[in-house]
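Written out below as structure tokens is the structure these notes cover.
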Amino acid sequence: MTRNHDSRGDDRTHGHDPDHDADPDVAASARDLVGGSGWRNPSEKARTSGLSRREFMKESGLASLAAAGVGSTAGCLGGGSGDDGPPTAEIGYLPITDSAPLLTGYANDHFADHGVDAAEPTLFRGWSDLAEAFLSGEVNVAHFLMPMTVWMRYGDELDANVQVVAWDHTDGSALTVQQEIDEWEDLGGGTVAVPFWYSIHNVILQMGLREHGLTPRTDSSADEVADDEVNLVVTPPPDMPAALENGSIEGYIVAEPFNAIGELDAGGKVLRFTGDVWREHACCVVVMREELVEAQPEWTTDVMSGIVDAQQYLRENRSEAAQLLSSEGSGLLPQGPAPIDRALTHYDEHEPYLESGAIRNADWDIDRIGFYPYPYPSYTEELVRRMRETRVEGEDAFLDELAPAEVADDLVAYDPVRTALEEAGGPPAFDVPEDDGYERQETIRF
């Protein structure tokens with residue numbers, strides 16, 4: 001069953017919704033701390049000059065938010081336990097295909113099928129905006145970059161009590177470049193945009209740069225970049241294709257459908273798919289506040305059941321889902337169906353990608369974007385190890401103190417999604433052998 005949606009205006013695009021369930025006084029206080037009187041939307045600055053982690057912390061006010069204790073108390077906002085029964089699922093998302101399970105869960109009534117009342121999802125332009133809403137309690141279900149959750153939970157600036165409750169998808173990202181860039185080495189002396197310092201995109205990009213003898217730089221104010229260096233800047237995903245088209249960057253690495261848009265509309269090409277480097281890696285994950293997961297275990301499992309159903313639908317109805325989510329369908333994603341369909345389908349047996357080297361591991365037999373909800377502990381452990389090798393702007397010493405196995409045990413809540421997956425038929429329902437459904441070894445190959 002599919003809901004009929006009117007065309008979406010700006011009222012549900014960030015924007016703060018005054019009707020959400022968060023305590024209005026506390027949420028307003030949180031927004032004041034995040035915003036401040038002189039605050040400028042980081043997305044505006046990043047659109048033209050990139051945004052460092054230090055600038056993000058300073059301009060978004062998240063350091064002040066943490067110091068004031070909002071980060072550690074906001075779990076009661078927008079969906080705490082209370083005495084009024086299960087909360088409403090207030091979903092926050094970015095306009096990328098990574099969010100497709102959350103959006104499909106709403107648009108196709110998969111959440112409703114499991115008794116979950118879900119409000120119309122709210123679109124945010126950038127990760128800083130979504131983080132603000134999550135910390136203030138404006139949203140209680142969201143998707144974040146998996147490395148971002150490590151930073152939010154264990155970093156020195158925030159005490160977010162964020163909990164990963166499922167994988168939103170696997171793969172679904174790529175490095176898109178100018179037409180004249182044929183090899184990694186051709187990026188030397190240039191600039192590449194990433195969506196956030198703490199992202200799988202930054203991790204895999206820097207792995208690839210080092211693999212090909214290039215040194216990543218994160219000081220975006222540098223006047224000169226050597227031929228064996230690549231300057232990295234943070235840019236909101238919606239602004240990346242335009243930056244590529246006007247020549248201000250040599251490439252960008254990001255989630256779909258912005259690589260498809262780069263191919264179709266910005267004169268770019270895919271240099272390498274990230275899923276062809278790190279097999280079936282998680283990019284975005286579904287998150288909730290730890291307090292909410294603990295206070296509402298049955299509700300959390302019901303939300304996971306909606307996500308599992310949505311992922312199964314997406315796997316089996318890719319082109320239909322592209323139409324559903326697009327500006328011509330539900331309007332939950334602002335893009336038209338063509339780039340979304342390309343992002344969901346355009347990979348298998350596509351000879352130009354094999355010829356160009358964008359796909360080098362065809363034997364992996366994966367999709368351009370895949371869907372499997374269970375968060376493998378081995379991935380979290382390997383990710384922590386790789387994050388230690390990844391340059392970011394700002395203090396990252398906290399990573400040295402993290403034990404990968406302990407992070408995998410502490411950051412992720414496994415029981416709700418495993419219960420939901422088993423009720424849907426277990427790993428074989430996703431064509432994953434039972435023996436490989438909950439444990440695996442990570443595969444990384446250039």
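Every number in this text was worked out from the coordinates using simple rules, so none of it is lab data. These numbers were taken from a predicted model, which means no experiment stands behind them. Note: ideal-geometry Cβ built from the backbone for every residue, glycine included; neighbour counts use all protein chains shown.
Based on the mean of other Cβ atoms within 10 Å per residue, sort peptides 156-163, 145-152, 420-427, 393-400 so the most packed one is first.
In descending order of packing, they fall as 145-152, 156-163, 420-427, 393-400.
Quick check on region 361-446: what are the equivalent-ellipsoid semi-axes from the Cα gyration tensor, as sqrt(5λ), descending, whole Å?
Each semi-axis is the square root of five times an eigenvalue, giving 27, 18, 10 Å.
Mean 1/r over all different Cα pairs, inverted: what Kirkwood radius does region 312-429 give, in Å?
Here the Kirkwood hydrodynamic radius works out to 17.7 Å.
What fraction of the Cα pairs in region 242-394, stated in percent, has a spacing above 27 angstrom?
That fraction is 35 percent.
Counting each pair of different Cα atoms once, what's the Kirkwood radius of region 176-233 in Å, rounded to one decimal?
Computed over Cα pairs of region 176-233, the Kirkwood hydrodynamic radius comes out at 11.5 Å.
Give the long-range amide H neighbours of Arg217: residues separated by 5 or more places, or on another chain, with amide H under 5 Å away, using H modelled in the peptide plane at 1.01 Å from N.
Result for Arg217 returns Val230, Asn231, Leu232.
Testing the spin-label approximation: label points 7 Å from Cα along Cα→Cβ at Gln179 and Glu320. State their distance in nm.
Using points 7 Å along Cα→Cβ, the separation is 3.8 nm.
Quick one: if you stick a label point 7 Å off each Cα along the C-beta vector at Asp228 and Glu351, how many nm between them?
Taking the simple label geometry, Asp228 and Glu351 are separated by 4.0 nm.
Whose amide H sits under 5 Å from the amide H of Val139, counting only residues 5 or more places off or on another chain, with H placed in the peptide plane?
Counting only residues 5 or more places away or on other chains, the set is Phe134.
Could you list the residues of region 419-446 with an amide nitrogen less than 13 Å from a label point located 7 Å from the Cα of Arg360 in the Cα-to-C-beta direction?
Answer for region 419-446: 444-446.
What number do you get for region 113-250 when its Cα radius of gyration is normalised by 2.2 N^0.38 Å, N = residues?
For region 113-250, the normalised Cα radius of gyration is 1.22.
Quick one: the Cα spread of region 338-384 along its three principal axes, in angstroms, biggest first?
34, 24, 17
If you bin every alpha carbon distance in region 85-187 into 5 Å steps from zero, what whole percent lands in each bin?
Reading the bins upward from 0: 2, 11, 19, 20, 16, 12, 8, 5, 3, 2, 1, 0.
So for each of 365-378, 304-317 I average, over its residues, the number of other beta carbons within 10 Å; can you give me the resulting order with the highest mean first?
Averaged packing, sorted descending, gives the order 304-317, 365-378.
Just want to confirm a number: the relative contact order over region 169-225, from Cα pairs under 8 angstrom separated by 6+ residues, in percent.
33 percent
Would you kindly calculate the mean projected area, averaged across all directions, of the convex hull enclosing the Cα atoms of region 243-284, in square nanometres?
3.2 nm²
With +1 assigned to the C-beta of every Lys and Arg and -1 to the C-beta of every Asp and Glu, and no other charges, what is the dipole magnitude of region 142-221 about the Cα centre in debye, to the nearest 20?
260 debye
Which far-off residues, 5 or more places away or on another chain, put their amide H under 5 Å from the one on Ala118, with H placed in the peptide plane?
Close amide H contacts, sequence-distant or interchain: Ala89.
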